[in-house]
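Structure first, then comments.
The values are calculated or read from the model by the stated rules, or taken from the named source; none is laboratory data. Predicted, not measured: the structure shown is a model, and the values here were computed from it. SASA here: full protein model, heavy atoms, side chains in, ligands and nucleic acids out. Shrake-Rupley method; radii C 1.70, N 1.55, O 1.52, S 1.80 Å.
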Amino acid sequence: MMTLQYTEIKASFETSTHVVGHVFKKTLYKRLLGMVSRYALNQIATEFERVHYAGKNPSTCGCVMRSTHDLHCACELSKYVVGCIPLDSIHMFWRRLSFSDQGLPEPKVSIKEEMEIISKRFEELDVCGKFTLKTKLWEIAYHDQNSMCPPPSKVNTKGASKKQMNRNPRSTKCDPSY
């Protein structure tokens, strides 16, 4: 299933780089063709249709595309009615048409600030708080060595418990649940 999804995404990338739709033959999209995904181009085209009644006013535009997809909304596209949209104004997510990490800067992720804050908070706590915080940090550091263990047997959680009925075989009284 993963291979099928990978192939489908790769085919979509190839379509984005080679196929030019009739709508995108305007000079507005000249710098974006082959560099931006088809989905993003279709979203920009939809927003560009709203330019004539949304105008440059952000209150009538709503700027939904900017906040949800980080693409140009109608009020921003009104600046480009005469010219073309620069490639640098499109978010990197929409410009990435391959799975390789070539050319992308390595993101810098650090927890130094967070560790300093935790250390300061640790010093401010009382003995019980220090013990609790140390226990939580131990669980994060040694996640495979926890005190939890599986239940000894499978627990049945559905339905009522089934009890054996002690019924006299020679009885003439009717058992309603029988």
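Ordering His52, His72, His91, His143 by accessible surface, largest first, gives His52, His143, His91, His72; the 1.4 Å probe counts only protein heavy atoms, with every chain in place.
Exposure check, 1.4 Å probe, all protein chains in place: Tyr142 carries approximately 110 Å² of accessible surface.
Taking all protein chains together, Phe13, Phe122 sort by accessible area into Phe122, Phe13, largest first [probe 1.4 Å].
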